[in-house]
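Single-structure report; data block below.
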Amino acid sequence: MKHQSSGFSLYIHVPFCIHKCPYCDFNTYAVSKVPGTRYVEGVLAELDFRLAQPEWDKRTVNTVFFGGGTPSLLEPHLIASILDGVRARTTLLPDCEISLEANPGQASRDFLLGYRKSGVNRISFGAQSFSPVTLKTLGRLHTPADIACAFSDARSAGFENLNIDIIYGVPNQTLADFKSDLNEALALAPEHISLYGLTIEQGTPLHGAVVRKDIIPTDDELALAMMQHGNERLTEAGLEHYEVSNFSHPGFNARHNLAYWNGDDYLGLGAGAHSLYRAGANSAKRWSNVSLPEEYSKRTCATGSAESWQDVLGQKELIFEFFFLGLRKRRGVSEAAFRELFGASFDQVYPGLLTVLCDEGLVTREGDLLAISDKGLPLSDSIAENFTNPIV
């Protein structure tokens with residue numbers, strides 16, 4: 001079975017934060033003290049449980065990603081415990097990309113040295129902005145000076161692969177503010193930059209402030225101007241725009257994230273983490289763990305599993321995901337790859353659709369590749385929704 005021998009990606013969710021940002025709707029929890037040792041025990045117990053199953057046993061780990069929350073709140077010896085545990089139980093690809101998310105101001109040079117020593121080789125800094133006003137709106141605790149300091153510390157700790165996250169479309173942020181953020185980010189010479197438009201998610205404090213009219217959201221026209229400027233500015237600076245929100249210098253695409261967009265298998269460990277296993281072209285399983293960290297640790301330490309739900313995906317769902325995820329890549333999706341997976345052409349499963357989208361200038365079709373056009377980029381989510389109902 002091809003999946004037995006091919007590799008997979010490993011995601012480890014660290015749900016702890018010093019405080020929860022008002023725009024965040026991830027599975028995160030503000031804690032005064034991180035219950036790190038107990039949590040890591042649970043993660044390793046879950047890893048044992050999964051690797052005892054034939055779907056994951058004897059397969060190579062291609063990428064590892066510590067996401068959150070704030071993984072940089074875990075002391076280096078705990079990150080080392082997890083990575084040593086992974087190495088002891090399975091095989092890491094020789095050039096395995098091992099990423100860890102960190103907040104500027106919450107990852108000391110000693111911590112960064114410890115992470116590097118443990119095998120982490122990529123740090124993703126959640127900077128979001130260099131403007132004190134924008135950082136305050138986003139509820140971030142760090143200062144602009146903390147960002148420069150974090151980069152300097154990471155470089156001196158030996159990191160040669162750094163990402164910086166920047167958010168645009170923040171209430172009261174001007175186009176000039178955003179241009180300044182990009183210039184500051186580029187001055188730090190990161191290998192990778194992620195640009196995210198702020199989404200005001202229901203149930204978050206920021207959404208509540210908008211409902212009460214305490215905060216006025218950025219209008220769509222300004223957000224679009226910011227997006228277009230960002231895409232142009234970073235491309236001019238020599239970064240490849242390889243995914244809707246992501247830019248990198250050659251050789252520094254985020255391989256872990258590409259695994260998601262390519263529909264590869266990934267195993268998620270930790271509270272609220274999701275996993276995907278493809279049994280073949282027409283069948284896959286997706287599941288998630290319980291959300292609460294205490295319940296997660298209790299269940300995994302007792303039984304190895306903290307699964308809260310599981311979905312079985314059929315051919316229709318997998319065809320939709322092929323486009324929904326794959327079209328996030330700027331190069332698009334390959335018809336040959338689609339045909340190999342599903343035994344059909346694009347036009348057989350979506351008769352007439354691609355002609356309409358091409359005529360409207362929203363997608364391009366060149367040779368084997370179907371991609372979202374520059375014109376279609378701001379509408380990428382709504383374009384992807386057209387692929388909901390393939391004919392199979």
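The values are calculated or read from the model by the stated rules, or taken from the named source; none is laboratory data. Worth saying up front: this structure is predicted, and the values here are computed from it rather than measured. For neighbour counting, all protein chains shown are included, and Cβ atoms are generated from backbone atoms with ideal geometry for every residue, glycine included. The accessibility values were calculated without ligands, DNA or RNA, using every heavy atom of the protein model including side chains. Shrake-Rupley method; radii C 1.70, N 1.55, O 1.52, S 1.80 Å.
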Open item on the list: Among the residues of region 139-191, what is the count of those that are open to solvent by less than 50 Å² (accessible area, probe 1.4 Å), within 21 Å of the chain's Cα centre (by Cα) and within 19 Å of Asn121 (Cα to Cα)?
Closed with: 12
TODO: Starting from residues that are among the hydroxyl-bearing types (Ser, Thr, Tyr) and at pLDDT 95 or above, keep the ones in region 341-381 and report whichever is nearest to Tyr242 (Cα to Cα).
DONE: Ser373
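Scan region 107-116 for residues that are open to solvent by 40 Å² or more (accessible area, probe 1.4 Å) and within 16 Å of Phe66 (Cβ to Cβ) and jot them down. So that I can check it myself, show each step before the final result.
Of region 107-116, the ones open to solvent by 40 Å² or more (accessible area, probe 1.4 Å) are 108-111, 113, 116.
The answer is Phe111, Arg116.
If you go through region 69-90 one residue at a time, do you hit one that is among the charged types (D, E, K, R) and touching a residue at least 60 places away in the same chain (Cβ under 8 Å)?
no
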Open item on the list: Residue pairs, Cβ under 9 Å, 6 or more apart or interchain, first in region 282-293 and within 14 Å of Val14 (Cα to Cα) and among the polar types (S, T, N, Q), second assigned to a helix (DSSP H, G or I) and open to solvent by less than 10 Å² (accessible area, probe 1.4 Å). List them.
Closed with: Asn289/Glu46; Asn289/Tyr296; Asn289/Thr300
TODO: Among the residues of region 229-243, count how many are out of contact with any strand residue (DSSP E or B) (no Cβ under 8 Å at 6 or more places or on another chain) and touching a residue at least 24 places away in the same chain (Cβ under 8 Å).
DONE: 3
TODO: Answer yes or no: is there a residue in region 370-381 that is part of a loop (DSSP other than H, G, I, E, B), closer than 23 Å to Gly197 by Cα, polar (S, T, N, Q) and open to solvent by 10 Å² or more (accessible area, probe 1.4 Å).
DONE: yes
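For region 18-73, which positions are charged (D, E, K, R), open to solvent by 30 Å² or more (accessible area, probe 1.4 Å) and either part of a helix (DSSP H, G or I) or within 19 Å of Ile98 (Cα to Cα) (or both)? Break it down into steps so the answer makes sense when it comes.
Here is the first cut: in region 18-73, the ones charged (D, E, K, R) are 20, 25, 33, 38, 41, 46, 48, 50, 55, 57-59.
After this cut, where a residue has to be open to solvent by 30 Å² or more (accessible area, probe 1.4 Å) as well, the list is 20, 25, 33, 38, 41, 48, 55, 57-58.
If the condition is that a residue be charged (D, E, K, R), open to solvent by 30 Å² or more (accessible area, probe 1.4 Å) and either part of a helix (DSSP H, G or I) or within 19 Å of Ile98 (Cα to Cα) (or both), then Arg38, Glu41, Asp48 are the ones that fit.
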Task: Number of positions in region 123-163 that are under 28 Å from Glu97 (Cα atoms) and not in a helix (DSSP H, G or I) - done: 17
- [ ] Answer yes if at least one residue in region 350-365 is surrounded by 14 or more Cβ atoms within 10 Å (Cβ to Cβ), under 17 Å from Ile319 (Cβ atoms) and among the hydroxyl-bearing types (Ser, Thr, Tyr), and no otherwise.
- [x] yes
- [ ] Among what's in region 221-257 and is open to solvent by 60 Å² or more (accessible area, probe 1.4 Å) and assigned to a helix (DSSP H, G or I), pick the residue that is nearest to Phe65 (Cα to Cα).
- [x] Arg255
- [ ] Would you please list the contacts, defined by Cβ atoms under 8 Å and residues six or more apart or on different chains, that run from a residue in region 199-212 that is closer than 17 Å to Lys136 by Cα to a residue that is surrounded by 17 or more Cβ atoms within 10 Å (Cβ to Cβ) and β-branched (Val, Ile, Thr)?
- [x] Leu206/Ile200; Leu206/Ile215; His207/Ile200; Ala209/Ile215; Val210/Ile200
Task: Search result, residues across region 261-273 that are under 15 Å from the mean Cα position of the chain (by Cα) and either assigned to a loop (DSSP other than H, G, I, E, B) or surrounded by fewer than 19 Cβ atoms within 10 Å (Cβ to Cβ) (or both) - done: Asn262, Gly263, Asp264, Asp265, Gly272, Ala273
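Tell me, yes or no, whether region 201-211 has at least one residue that is outside any helix (DSSP H, G or I) and surrounded by 15 or more Cβ atoms within 10 Å (Cβ to Cβ). Spell out the reasoning first.
First, the residues of region 201-211 that are outside any helix (DSSP H, G or I): 201-204.
Those still in the list that are surrounded by 15 or more Cβ atoms within 10 Å (Cβ to Cβ) too: 204.
Checked region 201-211: at least one residue is outside any helix (DSSP H, G or I) and surrounded by 15 or more Cβ atoms within 10 Å (Cβ to Cβ).
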- [ ] Residues being in a loop (DSSP other than H, G, I, E, B), open to solvent by less than 70 Å² (accessible area, probe 1.4 Å) and modelled with pLDDT of 95 or more: count how many of those fall in region 280-326.
- [x] 6
Open item on the list: Let me spell it out: the conditions are (1) under 23 Å from the mean Cα position of the chain (by Cα); (2) within 30 Å of Glu184 (Cβ to Cβ), and Val86 meets all of them except one. Which number is the exception?
Closed with: (2)
Open item on the list: Can you say whether Arg122 is among the basic types (Lys, Arg), open to solvent by less than 40 Å² (accessible area, probe 1.4 Å) and closer than 21 Å to His249 by Cβ, as far as the supplied structure shows?
Closed with: yes
Task: Looking only at region 327-339, and only at residues there that are in contact (Cβ under 8 Å) with a residue 40 or more places away in the chain and surrounded by fewer than 18 Cβ atoms within 10 Å (Cβ to Cβ), the one that is farthest from the chain's Cα centre (by Cα) - done: Arg331
